[in-house]
Structure formats: structure tokens, C-alpha cells
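K.L.:
Below is one structure. I have some questions about it.
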Amino acid sequence: MKVGSWGEDAAEKYLRKKGYLILERNFRCRYGEIDIIAMAGTELVFLEVKTRRNLNYGLPCESVTAAKVKHLKRAVSYYASTCPIRHSGVRLDVIEILAKEGQAHIHHIENILG
């Protein structure tokens, strides 16, 4: 299994334990891809998952660049505008995962857009 898929599986498990309802994984549209889409209460949450095996290239969240955020915002807007589920708002989060010795060390950064 690829590191990215492993990380997304770990993130999904983490989110389910926190009570999130997973709606979709790897949603693709012409504006980009969203790793996980979930509901947290009445809020629609879009999650970018970044997984690394080591910190040689920095923290996983550091790879979420301004250009990446721009693409994510477009995909989020598209999905939110077509979503049939009633929601009170939307949020964009990053889940960074450091994979060490088969364990997922998870850091959940909520609402990166402020």
C-alpha cells in the first residue's frame, strides 16, 4: 500500500473515532481533488491529508502551499454548492501524519483558512 493511501486510511479511522461522518474519499472534479469530505455535526469539513515517513523535507503540512490551497478552495466551493446535504457551514482542515514504525502520529489542523 502506498504511503498516501495508508495515511488516508489512518486519517479516516481517526476522524470516525472523533465522531465525524465520512461522506467521500478522493473526490475529484475539474478544480482538483479533496482527500476526505466529512460532516462534523452540521459542518461540512474538507480534509487534505499529508503523510510522510520522516521529516527530511519538513513537516507534512508545509507541503500545503498557497497554490494547493487555491485549488482546494475551488474544489470545496464546487462541492459545497452541489451538495444535497444541509450544512451550517464549511471548513478546510489539514491532517498531517508522520508514519513511524507502522504507527500513525496524527496532527489535525482545523480551519486553515481562518
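K.L.:
In the stretch 1-20, which residues are within 23 Å of Arg86 (Cα to Cα) and exposed (fewer than 13 other Cβ atoms within 10 Å of the Cβ)?
P.N.:
Of everything in the stretch 1-20, those that are within 23 Å of Arg86 (Cα to Cα) and exposed (fewer than 13 other Cβ atoms within 10 Å of the Cβ) turn out to be Arg16, Lys17, Lys18, Gly19.
K.L.:
Those residues that are open to solvent by 80 Å² or more (accessible area, probe 1.4 Å) and closer than 19 Å to Ala40 by Cβ, I need them from the stretch 79-90; list them, please.
P.N.:
Of everything in the stretch 79-90, those that are open to solvent by 80 Å² or more (accessible area, probe 1.4 Å) and closer than 19 Å to Ala40 by Cβ turn out to be Pro84, Arg86, Ser88.
K.L.:
Let me ask something additional. Please give the number of the condition Ala80 fails out of (1) more than 21 Å from Tyr14 (Cβ to Cβ); (2) touching a Pro at 6+ places or on another chain (Cβ under 8 Å).
P.N.:
Condition not satisfied by Ala80: (2).
K.L.:
Here is a follow-up. What's the total number of residues in the stretch 91-102 that are open to solvent by 70 Å² or more (accessible area, probe 1.4 Å) and either assigned to a loop (DSSP other than H, G, I, E, B) or under 16 Å from Ile37 (Cα atoms) (or both)?
P.N.:
1
K.L.:
Yes or no: Ile22 among the β-branched types (Val, Ile, Thr), in contact with a helix residue (DSSP H, G or I) (Cβ under 8 Å, 6 or more places away or on another chain) and without any contact (Cβ under 8 Å) to a residue 24 or more places away in the chain?
P.N.:
yes
K.L.:
Which one is nearest to the chain's Cα centre (by Cα) among residues in the stretch 48-66 that are of a type in the set (Lys, Arg) and buried (at least 16 other Cβ atoms within 10 Å of the Cβ)?
P.N.:
Across the stretch 48-66, the extreme among qualifying residues is Lys50.
K.L.:
Condition check: assigned to a strand (DSSP E or B) and open to solvent by less than 80 Å² (accessible area, probe 1.4 Å). Does Ile37 satisfy that?
P.N.:
Answer is yes for this residue.
K.L.:
Can you give me the number of residues within the stretch 64-114 that are over 21 Å from Cys29 (Cβ atoms), out of contact with any Cys (no Cβ under 7 Å at 6 or more places or on another chain) and not basic (Lys, Arg)?
P.N.:
Residues meeting the conditions: 15.
K.L.:
Test of understanding: among Val76, Val45, Val69, which residue is free of Cβ contacts under 8 Å to residues at least 60 places away in the same chain, surrounded by 12 or more Cβ atoms within 10 Å (Cβ to Cβ) and part of a strand (DSSP E or B)?
P.N.:
Matching residue, one of Val76, Val45, Val69: Val45.
The values are calculated or read from the model by the stated rules, or taken from the named source; none is laboratory data. The shown structure was predicted, so the numbers you read here are calculated from the model rather than taken from an experiment. When we count neighbours, we look across all protein chains shown, and the Cβ atoms used for this are built from the backbone with ideal geometry, even at glycine. All accessible areas refer to the heavy atoms of the entire protein, side chains included, with ligands and DNA or RNA removed. Shrake-Rupley method; radii C 1.70, N 1.55, O 1.52, S 1.80 Å.
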